[in-house]
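Here is the structure we will look at, set down as structure tokens.
Derivation of every value follows stated rules applied to the coordinates shown; laboratory data play no part. Bear in mind the structure is a predicted one, so any value in this text is a computation, not a measurement. Because the Cβ atoms are built from the backbone with ideal geometry, glycine has one as well, and the counts that use them run over all protein chains shown.
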Amino acid sequence: AAALLLTLCAGVFLWRTGLHAPAVGFDTYTGHVTDRVNFHAKSPAMEFLRDAQRREPSRGFGFHGNFHPGWTGAYGLETIHGPDALVNPFLRELVTAAIANPAIERWWDWRIYVDVANAAVARPLFDVLNVRYYLDLQSDQGVLGKALKLVKTADLDIYESPTAWPRAFFTDRLDTYDRPEEFIEKIRAGD
């Protein structure tokens, strides 16, 4: 009798709210789950960057909220900013010195913003930080083409900076600086 009573109570409580299967009916009383966006859908742009990353480690930067920092980790790709729990304080100090230039802005304390019109101004600093690839959705190729080389048009347009510094390299000269602002000035004045 107790089992029958519990089954009857469960049926009463779940009858209208428990009918979520489309085959059961009662569409006016039920809510059906919609199809969700596939966040792991294939992206030709991300596949291109992954292949390039396998050949030579590099970083990317997205214009207009594309290649958003934090989500790039889902693809196994790197950028120069993001909401990471551990941030190198020296990189933070360098970026703080760099944003003295109005072409580079800091958003939300961890996100860097550069307008496409200022890509040529930001490129020397980004080259030092190993940013080889720049991404934008339906980009203005006339503006970005002046500062960067278009290498692929896919779901995102991908541009390359062939002058990006590698992760490791040999040098025949050494120079010093005392403050990050001095280093930024050397980058701007250098070739």
Check: Ranked highest first by the average count of other Cβ atoms within 10 Å around their residues, in what order do 77-83, 123-129, 185-191, 147-153 fall?
Finding: 123-129, 77-83, 147-153, 185-191
Notebook entry, point to check: Under the definition of Cα pairs under 8 Å and six or more residues apart, what whole-number percent is the relative contact order of segment 104-185?
Noted result: 26
Check: Using a basic spin-label model with each label point 7 Å from the Cα along Cα→Cβ, how many nm lie between N88 and C9?
Finding: 6.2
Checklist line | Mean Cβ count within 10 Å, highest first, over the residues of peptides 37-44, 168-175 | finding: 37-44, 168-175
Next item on the list: Among the lysines, select those whose C-alpha is under 25 Å from the C-alpha of K42, and discard any that sit fewer than 8 residues away in the same chain.
Entry: K149, K152
Check: Taking segment 144-191, how much of its Cα-Cα pair set, in percent, is spaced more than 11 angstrom apart?
Finding: 78
Item checked: Scattering profile of segment 39-155 at q = 0.12, 0.17 Å⁻¹ [log10 I(q)/I(0), Debye over alpha-carbon scatterers] -> -0.42, -0.87
